[in-house]
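The values are calculated or read from the model by the stated rules, or taken from the named source; none is laboratory data. Computed from a predicted model, the values in this text were never measured in an experiment. Glycine also receives a Cβ, built like all others from the backbone with ideal geometry; neighbour counts cover every protein chain displayed. Please note that ligands, DNA and RNA were not included when accessible areas were found on the heavy atoms of the full protein model with its side chains. Shrake-Rupley method; radii C 1.70, N 1.55, O 1.52, S 1.80 Å.
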Amino acid sequence: MNKLTIKKKLLLYGFIIQTLVLVIFSISLHKSLELATLDKLENTLRIVLLDIADDILEHNNFDDLTFNEEDEYKFEPLYIRFSKVDKELKIIKEIDFPKEISNKFEKINLYQNDIIYFEQENSFIISKLKFNINNELYILEIATDNKNLNDTLENLIYILLFIIPIILIFTTVGGYFLIYKSFHPVEQIIKNLKEIKVKDLTKRLQRLENGDEIDSLSSEINNLLQRLEISFDKIYQFSSDASHELKTPLTIIRGEIEIALRKDRSNDEYRETLKNCLDEVIIIQQTVNDLLYLAKIEEQNSLNYEEIYLDEVILESIKELKPFAKLKEVEIQSNIKDASTIKGNSKLVKIAINNILKNAISFSQKESKVLINSFIKDESIYIVIKDFGIGISEDDLKKIFEKFYRTDKSRNKNSGGTGLGLSISQKIIHNHKGTISYESEENIGTKVTIQFTKNSQS
């Protein structure tokens, strides 16, 4: 059973349910017809019994009684017996009354006068009436066999045995047609899905645009494929970039070690080799840490966010980077006009600002300034970081948020960057429902604008 397809299971279950319903219906119909036919027979016997009782009461001489009700009512067979109740039953008149019907005197004494009783005995239906004539008790019995009842029920059984298989055949064929038509779109979806490969997720399922459940399923699958395509593209790009970024320092380390091992070296040369290897290991470590941190940010849960003061976060970031700015001979100047709050994670926001501010310091001209302004305008909070450094070209400006991307001017060990800082900052800002934009001119400087909505909920 478990190995059957859903179509076959539905067809089998439908057949079983229809069979059960028809069987229950047939039994109910058989019972109903039996009761209705029996009730009709009893009513007929009641009428005949009362008619004969009236005739008996009208005759003073019971010898003149003639029972011709069978012809009068066109009802066959009809058995009549009229008896006097004394110490024993004395039959006065009878017409073909079956001997199979018992005539127990004790039972007759239990009957009440002028009440009609019905009994079934030996395939006969009997109606009985005990009444008083001239202070003497008499009992009138009228019987018929249940042949009419049996014939009616037997005919019904034959009809049901003929009709039920035909109904089952037609309902099964109709059910198969409905199931086939209903599952045809699903089979098309399965067929189309089999054609979609991991290396090519651009294909989409065809939709009927009729708004039914199958169309909704196709729509959701297409949305899923789109998300998967985006995710796989990111994975492929990420893997390619990451392998390139990790391959370069590993190649340098291997080269340094191979050169050092070609012949004996002095202590200073070994020390220089180890220093170069250490620098490259630091780069690898920083790259791996940034990758892990970026993945962590993407899984960041906004339920951990709380109200934070942006002006305090900015001041903390400036305080942390002042030694670095001094080393680069760059001055940081701040102008925070308004105290502002948002819902978020202060540590993440500070990391985003630190990355941007560090870039501004790293690529500023010596003895220049980096300006940080913060203000509120039109229900939005702005943080503007401006430097007077080497700037970014128009082509590079379009790619600065890409993972591992570094401009040619910044591709050097002294910058200490992995190309992930701005990607991390952008992700953090977007998670806080903010935006970040860059404006830059080569050899003039760069301006970064961060915008948050006041009291925004992340």
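Considering only Cα-Cα distances, which of the following residue pairs are longer than 30 Å: Lys197/Lys347; Lys247/Lys366; Lys31/Lys87; Lys104/Lys147? Exceeds cut-off: Lys197/Lys347; Lys247/Lys366; Lys31/Lys87. Kindly provide log₁₀ I(q)/I(0) values, in the same order as q = 0.05 Å⁻¹, from the Debye equation applied to equal alpha-carbon scatterers of the chain. Relative scattering, expressed as log10 I(q)/I(0), comes to -0.53. Out of all Cα-Cα pairs in the range 129-245, roughly what percent, to the nearest whole number, are more than 26 Å apart? Within the range 129-245, distances greater than 26 Å cover 63 percent of Cα pairs.
Computed over neighbours whose Cβ is under 15 Å from that of Gly175, the net charge equals +4, Lys and Arg +1, Asp and Glu -1. Loop-located GluC sites (Glu not before Pro) across the range 36-139 with a Cβ neighbour count of 15 or fewer within 10 Å are Glu88, Glu100, with loop assigned by DSSP.
Among the GluC sites (Glu not before Pro) in the range 319-356, those located in a DSSP loop and surrounded by at most 16 other Cβ atoms within 10 Å of their own Cβ are Glu329.
Take the Kirkwood radius over Cα pairs of the range 66-158, plug it into Stokes-Einstein at 10 °C and 1.306 mPa s, and you get 110 µm²/s for translational diffusion. List the trypsin sites (Lys or Arg not before Pro) within the range 314-392 that fall in a DSSP loop (any state other than H, G, I, E or B) and whose Cβ has at most 13 other Cβ atoms within 10 Å. Counting only loop positions with at most 13 other Cβ atoms within 10 Å, the trypsin sites (Lys or Arg not before Pro) in the range 314-392 are Lys337, Lys366.
Order Tyr13, Tyr79, Tyr73, most accessible first, counting only protein heavy atoms with a 1.4 angstrom probe. Before the final figure, lay out the partial values.
Numbers: Tyr13 100, Tyr79 40, Tyr73 80 Å².
My answer, sorted largest first, is Tyr13, Tyr73, Tyr79.
Take the Cα radius of gyration of the range 60-99 and divide it by 2.2 N^0.38 Å, N being the number of residues; the result is 1.31. Counting heavy atoms of the protein chains alone, Phe232 has an accessible area of about 60 Å² for a 1.4 Å probe.
Hydropathy first: keep DSSP H helices in the chain averaging at least -0.5 on Kyte-Doolittle, then drop any whose Cα extent along the axis falls short of 18 Å, and list what survives. Working shown, then result.
On the way: long enough: 6-58 (77 Å, 0.87); 147-194 (67 Å, 0.78); 213-261 (69 Å, -0.08); 267-298 (46 Å, -0.27); 310-327 (26 Å, 0.27); 346-362 (23 Å, 0.56).
Length and hydropathy pass: 6-58, 147-194, 213-261, 267-298, 310-327, 346-362.
Heavy atoms only, probe 1.4 angstrom, no DNA, RNA or ligands counted: give me Ser374, Ser346 ranked by accessible area, highest first. Please report the intermediate quantities before stating the final value.
Working: Ser374 0, Ser346 50 Å².
Descending accessible area places them as Ser346, Ser374.
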